[in-house]
Amino acid sequence: DTATQAKSDAAAAGQQAKDALTSAGTAITDAKNALTNSSSATADSAQARKDSATAKIQAANAATQANQAVTDATTAKADANTAKANATQAINDAATAKGQAASALGQANTAINNAANALDKFNNLAIGGRNYLADTSA
């Protein structure tokens, strides 16, 4: 009986050893897969760090460009306001010049009329009429 029990125990121990060997093989395979996945995750992490650094630089550049755009827009607004003020002044100056030109034209027309009247009087001047001066021969 002891021999039978020992044989049965040995067979059970052999089966347990086979099962342990199979489990060990599975564990090795799982460990290899985990190592591969870990390497892949490490590579992905390194790439993510590079991408993050690149994104940070791009964000800083975008912020700088946005700040420059705000500065440019502010300058453009100030320039537009100056141009508007200059245009308003030019319109006012043109209106004044128009008024002065109209006045000068009116004065010129008056002068032309006065000259025409004077020329008319000169052309209609009668010479050799009666002399009203006393003690003169003409």
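Summary table
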{"read-out": "Residue within the range 68-79 that is open to solvent by 80 Å² or more (accessible area, probe 1.4 Å) and of a type in the set (Ser, Thr, Tyr) present", "value": "yes"}
{"read-out": "Some residue of the range 109-124 being part of a loop (DSSP other than H, G, I, E, B) and surrounded by fewer than 10 Cβ atoms within 10 Å (Cβ to Cβ)", "value": "yes"}
{"read-out": "Residue check for Asn61: part of a helix (DSSP H, G or I) and open to solvent by 90 Å² or more (accessible area, probe 1.4 Å)", "value": "no"}
{"read-out": "The listed residue being in a helix (DSSP H, G or I) and either in contact with a His (Cβ under 6 Å, 6 or more places away or on another chain) or exposed (fewer than 10 other Cβ atoms within 10 Å of the Cβ) (or both), out of Thr4, Thr22, Thr26, Thr36", "value": "Thr4"}
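The values are calculated or read from the model by the stated rules, or taken from the named source; none is laboratory data. Because the structure is predicted, anything quoted here is derived from the model rather than measured. Using ideal geometry, Cβ is built from the backbone for each residue, glycine included, and neighbour counts are taken over all protein chains shown. Just so you know, the surface numbers come from the protein's heavy atoms only, side chains and all, with ligands and any DNA or RNA stripped out. Shrake-Rupley method; radii C 1.70, N 1.55, O 1.52, S 1.80 Å.
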